[in-house]
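> Once you've had a glance at the structure underneath, I'll fire off some questions.
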Amino acid sequence: MNTPSDAADTPESEAAPKAKKQISAKRRLISWAFIAVLLIVVLIEWRAKSSQAATFKNLEAAMENSGDVGEIPFRQLESITQGSPSEEIDESGALLRLHHYRWKGLFKVYHLRLLVDKDEKVIAFDGLAGGEPVGGIPRISKERMKNFLKKEKAANGGTPVETESVEVVEEAPAETKKQ
């Protein structure tokens, strides 16, 4: 099968090194473009996650530093918030207002929900996407409060229910009998 002329050619071809295949410029460009897109996606996702995590950590620290009260002024939240989240405000609560912040990545949305009372103090927060209680505190809607007050008014014979004031009746000291 090998002829003497083929045998003579093989040692020379083995002695000469094979030339490396050149990668085309088009293929390099596509590879670098793919790497650049992948880095941008990772950067956007990392920015959303780290901004939410930093805000959450700063909020926890501010609540701990507030002492026994455990509340911080809502306006202080502006200095705590990292990144640029979108904000949704739900004012349907009778006593508490819900603020829902969202940091949007390309694959996931990171959340922070806050309960703010009538004195503009942040009283509770969590990182959940939804649900009724925030930080374990359920909200009462204005409609439910209105219905409750109507039922109580009807049960009391049409007199309004007193929620804030309580009358204190003082009793006269008991007299001691002399014998």
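The values are calculated or read from the model by the stated rules, or taken from the named source; none is laboratory data. Owing to the predicted nature of the structure, the values given are computational and were not obtained by experimental measurement. Here the Cβ is made from the backbone with ideal geometry for all residues, glycine too, and neighbour counts use every protein chain on show. Keep in mind that these areas ignore ligands, DNA and RNA; they rest on the heavy atoms of the full protein, side chains included. Shrake-Rupley method; radii C 1.70, N 1.55, O 1.52, S 1.80 Å.
> Efficiency by 1/(1 + (r/R0)^6): what FRET value for Lys20 and Lys108, r their Cβ-Cβ distance, R0 = 45 Å, to the nearest 0.05?
Computed FRET efficiency for Lys20 and Lys108 comes out at 0.55.
> Please report, as a whole percent, how much of the solvent-accessible surface of the stretch 91-163 comes from carbon and sulfur atoms (probe radius 1.4 Å).
56 percent
> Add +1 for every Lys or Arg and -1 for every Asp or Glu among the other residues with Cβ under 13 Å from the Cβ of Gly136, and state the total. Let's see the in-between values first.
Details: positive: Arg113, Arg139; negative: Asp126, Glu132.
Spelling it out: positives minus negatives among the neighbours equals 0.
> Something else: Return the lysines within reach of Lys49: Cα separation strictly under 22 angstrom, same-chain partners fewer than 8 residues apart disregarded; answer none if there are no such residues.
By straight Cα distance, Lys49 reaches Lys57, Lys104, Lys108.
> Here's another thing I want to ask about it. Once label points are set 7 Å from the Cα along Cα→Cβ at both Leu149 and Glu132, what is their separation, rounded to one decimal in nm?
For Leu149 paired with Glu132, the spin-label model returns 2.1 nm.
> Same structure, new question: Can you give me the convex hull volume of the Cα atoms of the stretch 27-156, divided per residue and expressed in Å³? Walk me through the intermediate numbers first.
Details: hull volume 15.7 nm³, N = 130.
With only Cα atoms used, the stretch 27-156 gives 121 Å³ per residue.
> In this model, which of Lys118/Lys146; Lys121/Lys142; Lys118/Lys151 are farther than 21 Å apart at the alpha-carbon?
Table pairs above 21 Å Cα-Cα are Lys118/Lys151.
> Relative contact order for the stretch 27-156 using alpha-carbon pairs under 8 Å, separation at least 6, rounded to a whole percent?
Worked out over the stretch 27-156, it gives 21 percent.
> Which value, in Å², gives the accessible area per residue of the stretch 27-156 when a 1.4 Å probe is used on the protein heavy atoms? Don't skip to the answer; put the middle values down first.
On the way: 8780 Å² over 130 residues.
Spelled out: the 1.4 Å probe surface of the stretch 27-156, per residue, equals 68 Å².
> Mind listing the long-range amide H neighbours of Lys121? Cut-off is under 5 Å, sequence gap 5 or more, other chains count too, H placed in the peptide plane at 1.01 Å from N.
The answer is Phe74.
> Below 14 angstrom from the Cβ of Leu77, what's the summed charge of the other residues (Lys, Arg +1; Asp, Glu -1)?
-1
> Given H placed on each backbone N at 1.01 Å, which residues far from Gly105 in sequence or on other chains put an amide H within less than 5 Å of it?
Those lying under 5 Å, H to H, from Gly105 are Tyr110.
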